[in-house]
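Peer 1: Sharing a structure below in C-alpha cells format, with a few things to ask.
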Amino acid sequence: MKATASRMSSPPATVSPAVAHRTTTKTALFVALALALIASVIVSAGTGQLGVPPQEVLGSLLHRIGIDWLPLPAHPAGDATLWAIRFPRVAMAALVGAGLSVAGLLMQAIFGNPLAEPGVIGISSGAAVGAGLAIVFGLTVFGEWTTAVFAFAAGLGATLLVYAMSRADGRTEVVTLVLTGIAVNAIAGAAIALLTFLGDTQSREQIVFWQLGSLAGSRWTQVLIVAPVVAFGLLAAYFAARKLDLLSLGERNARHLGVNVEVLRIAMIFVVALLTGAAVAFAGIISFVGLVIPHLMRMVLGPAHLPLVTASALGGALLLTLADLAARTIVPNADMPIGMLTALVGGPFFFWLLRRTRKRSGGWG
C-alpha cells in the first residue's frame, strides 16, 4: 500500500535538457527554413524584367483562392506573367530542389557514407544520356512521358551499376564509390558527345540544355508530372526512415533487428532513380544539391532520418529557388545555367567534405 502511494505521489518524469535542446533546435530549423522558402518564392516570383512587388505577388496568390486582402499586380500583364511564367518556374525549382536533396539523403543512407550524391556518382549524367537518346532519335513510345521514362531508366541503370561495383566484402567502399562515379560520368559524357554529334541542330540545343541545367520554359504541365513523383519519393523516405536509422548501426545489426537490408537498398535505389530521373528530365543536370543540403542538415539535426527528410526537402527547395533567382538576375537580360551555379557552390564543398572524410578515416590506405 505504501509502495502504491509512493508511486502515485512520485513527480512526473521530466524531459532531459539534451532532448529539449534537440527538439527546440529541430523546431527552430524547420520554422526558419519554411519562412525562408516562402520569402524566396515570393521574391523570386516578383523579380524579372517585369518587376512585381511582394505584396502584389501575395495578392495574386490569395486572389486565386478567393481572398482579396492584398492588391493585384498593377501592371496589366503582371498577373498573367506570374501565373504563366514565374510561378511554374518557381514551383519547378522548389520541387526539383526537394527531390534532389532527398535523393542525396537516401543515397548517403543506403551507401553508408556522406560522399554519395546523384551527380557525383553519375546518376544524373546517366539520366541525361537516357533523355538524350529520346531526343536525338525522336522516340515517342510513351507519349509526352517518353523523355522522362528514358531518363529514369538510364538513371536507374547507372545507380545499379555504381551500387554493384562499389560493394566489397559486404560493405560499400567510399573510394570505390567515388572512382566508379568518375568512370560512369566519363562514359556518360562520351555518350552525350556522340549523341550531340549524331543529332540535328535542334537536338544539339536540347542536349546542351540537359548538360547545363536550366528551369527556363517550365510549364504547369511539367510541374504536374514532377509533383507526384516528388511526393511519392518523400512518402517513401518517411516510411523508410526508421529502417535507415537501423541501417546506420551497421548491416549486421540491422539484420538482427529485422531489417531486410538488400530489399531496403533496392527499394531506396528505385526511389533515388525516380527522383533524379524526373528532375533531370525537366531541368537537366543539377549537381551537388543532394550532397550539400543533407550534409548540412545532418550537422545541425544529427543522424535521425525522419527529421532529416523534412529538413532536406525544405533546404533543397530553398537552395534551388535562390539559385534560380541568381541565375536570372546576376547577368542582366540573361538566363545563366542553374547547374553551373550549383556546381560552383557544391564543388568546393565536396572537396572540403572529401578531405574531412579522409582525415577522419586516417587516410584511404
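Peer 1: Going by C-beta contacts inside 10 Å, put 44, 101 in order with the fewest on the left. Mind dumping the intermediate values first?
Peer 2: Numbers: 44 23, 101 32.
Starting with the residue having the fewest Cβ neighbours, the order is 44, 101.
Peer 1: Give, in nm to one decimal, the length gained when the segment between residue 326 and residue 352 is fully stretched (0.36 nm per residue of separation minus the Cα-Cα distance). Kindly include the intermediate steps, with their values, before the conclusion.
Peer 2: On the way: separation 26, 0.36 × 26 = 9.36 nm, distance 2.37 nm.
Length gained between residue 326 and residue 352: 7.0 nm.
Peer 1: Just to be sure I understand the model, the point goes 7 Å from the Cα along the line to the Cβ. What's the resulting residue 80 to residue 262 distance in nm?
Peer 2: Using points 7 Å along Cα→Cβ, the separation is 6.0 nm.
Peer 1: Related question: So for 219, 355, fewest C-beta neighbours within 10 Å to most, what's the order? Kindly include the intermediate steps, with their values, before the conclusion.
Peer 2: Values: 219 14, 355 10.
Ranking 219, 355 by Cβ neighbours within 10 Å, fewest first, gives 355, 219.
Peer 1: Just to compare against my own numbers: the Cα pair-distance distribution for region 100-356, 5 Å bins, whole % per bin, please.
Peer 2: 1, 7, 13, 19, 20, 17, 12, 7, 3, 1, 0, 0
Peer 1: Could you identify which residue out of 338, 85, 65 has the top mean-square fluctuation in a GNM of the chain using Cα springs shorter than 10 Å?
Peer 2: Among 338, 85, 65, the largest mean-square fluctuation in the Gaussian network model of the chain belongs to 65.
Peer 1: Separate question: Modelled label-to-label distance, residue 38 and residue 168, 7 Å Cα→beta-carbon offset: nm?
Peer 2: Each label point lies 7 Å from its Cα, and together they span 5.0 nm.
Peer 1: Could you point to the residue in 263, 304, 224 farthest towards the positive end of region 100-356's charge dipole, with +1 and -1 charges on the Cβ of Lys/Arg and Asp/Glu respectively?
Peer 2: Farthest along the dipole direction, towards plus: 304.
Peer 1: Right, another one. Given the Cα atoms of region 209-268, and with Rh set as the inverse mean 1/r over their pairs in the Kirkwood sense, what is Rg to Rh to two decimals?
Peer 2: On the way: Rg = 17.1 Å, Rh = 14.1 Å.
Radius of gyration relative to Kirkwood radius: 1.22.
Peer 1: Which of 251, 56 comes first, and how do the rest follow, when ranked by fewest Cβ neighbours within 10 Å? List each step's numbers first, then the result.
Peer 2: Values: 251 17, 56 21.
Least crowded to most crowded, the residues run 251, 56.
Peer 1: Which number do you get for Rg(Cα) / (2.2 N^0.38 Å) in region 290-353?
Peer 2: On the way: Rg = 13.5 Å, N = 64, 2.2 N^0.38 = 10.7 Å.
That ratio works out to 1.26.
Peer 1: Sticking with this structure for a sec: Taking the chain as a Gaussian network, where each spring joins two C-alpha atoms under 10 Å apart, which residue of 282, 142, 152 fluctuates the most?
Peer 2: Among 282, 142, 152, the largest GNM mean-square fluctuation belongs to 142.
Peer 1: Also, I was wondering about something else. Compute the length gained on full extension between residue 304 and residue 333: take 0.36 nm times their separation in residues and subtract their Cα-Cα distance, giving the result in nm to one decimal.
Peer 2: 6.1 nm
Quick note: the coordinates plus some simple rules give every number you see, no bench work behind them. Just so it is clear, the structure is predicted and the values come from calculations on it, not from any experiment. So basically every Cβ, Gly included, is an ideal-geometry build from the backbone, and we count neighbours across all protein chains shown.
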